1. Could you look through the stretch 54-64, keep only residues that are touching a Phe, Trp or Tyr at 6+ places or on another chain (Cβ under 7 Å) and in a helix (DSSP H, G or I), and pick out the one that is modelled with the highest pLDDT?
2. Take the conditions surrounded by 14 or more Cβ atoms within 10 Å (Cβ to Cβ), within 15 Å of the chain's Cα centre (by Cα), at pLDDT 85 or above and not small (G, A, S) and apply them to I34. Does it pass?
3. If we keep just the residues of the stretch 65-80 that are among the basic types (K, R) and at pLDDT below 80, which is surrounded by the fewest Cβ atoms within 10 Å (Cβ to Cβ)?
4. Tell me, which helices (runs of 4 or more DSSP H) lie completely within the stretch 81-187 with 1 or more residues that are modelled with pLDDT of 80 or more and within 30 Å of I20 (Cα to Cα)?
5. Condition (residue is within 30 Å of R168 (Cβ to Cβ), modelled with pLDDT of 90 or more, loosely packed, with under 15 Cβ neighbours inside 10 Å and of a type outside the set (D, E)) applied to the stretch 37-48: is it met by at least one residue?
Amino acid sequence: MKKPVIIGIVIFIAIIGIYIWSTYNGLITANENIDNQWAQVETQYQRRVDLIPNLVESVKGIMTQEQKIFGDLAEARTKYAGATTDNQKAEAATQVEGALGRLLVIMENYPQLKSAENVQTLMAQLEGTENRISVERKRYNDSVREFNIMIKRIPAKWIAGMLGFSSRTYFEAQAGAENAPKVDLTK
C-alpha cells in the first residue's frame, strides 16, 4: 500500500475516534446535568416537606376539626421520605401537593387562620417554595429534552446506543393534578 493511503486511513480513524470521544463526553455532561437538575427539584421538595409540619402545627392551634388533612399530609411526607426512585419521589410529591392544596382551601375558608402572623409567614414561604419547585421542574424537563434530542440525532444515536445511553423520563404531573382539590367541610 502506498504511504498516502495509509496516512489517509489513519487520519480517518483518528477523526472517527475524536468524534466518538467528544460525543461520549457530551452525553456524560448532559446526563450529569439532568441528575444535577433532579437534585435541585428534590431540594425544593425537601424544603416544602420541612415547612409543612410548621404550617400544620400553626393551623392546628387554631383549628382542630380538620384532622384528616393533617393525617394525609403526615402520610404523604412519610411516603416521600421513604421513596427511593425518582418516580416514587415524584408520585409522593404529588400526594403532598394534593393534601397541601386541600389544607390551603380550608385556610381560605377560615379568615382567622389567614390573619395569624405565623400562618401568613409560613404560607408565604410555602408559596415561594412552590414557585421554586415549578422552576426547577421546568429546568429538569429542559435538561431531559436537550439530552433526549442529543441521543436521537444521527450519528450520535448510534454512538449513544453503543455506549448504553437511553432516553430519560420527563417529570409529568400525576393524572388528575389539573383538577382543584375538593374540600367538604361538612364531614
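1. The extreme case among them is V56.
2. yes
3. The selected residue is K68.
4. 117-152, 156-162
5. No - not one qualifying residue is present in the stretch 37-48.
The values are calculated or read from the model by the stated rules, or taken from the named source; none is laboratory data. Fair warning: this is a prediction, and the values are worked out from it, not measured in the lab. Cβ: placed from backbone, ideal geometry, glycine included. Neighbour counts: every protein chain shown.
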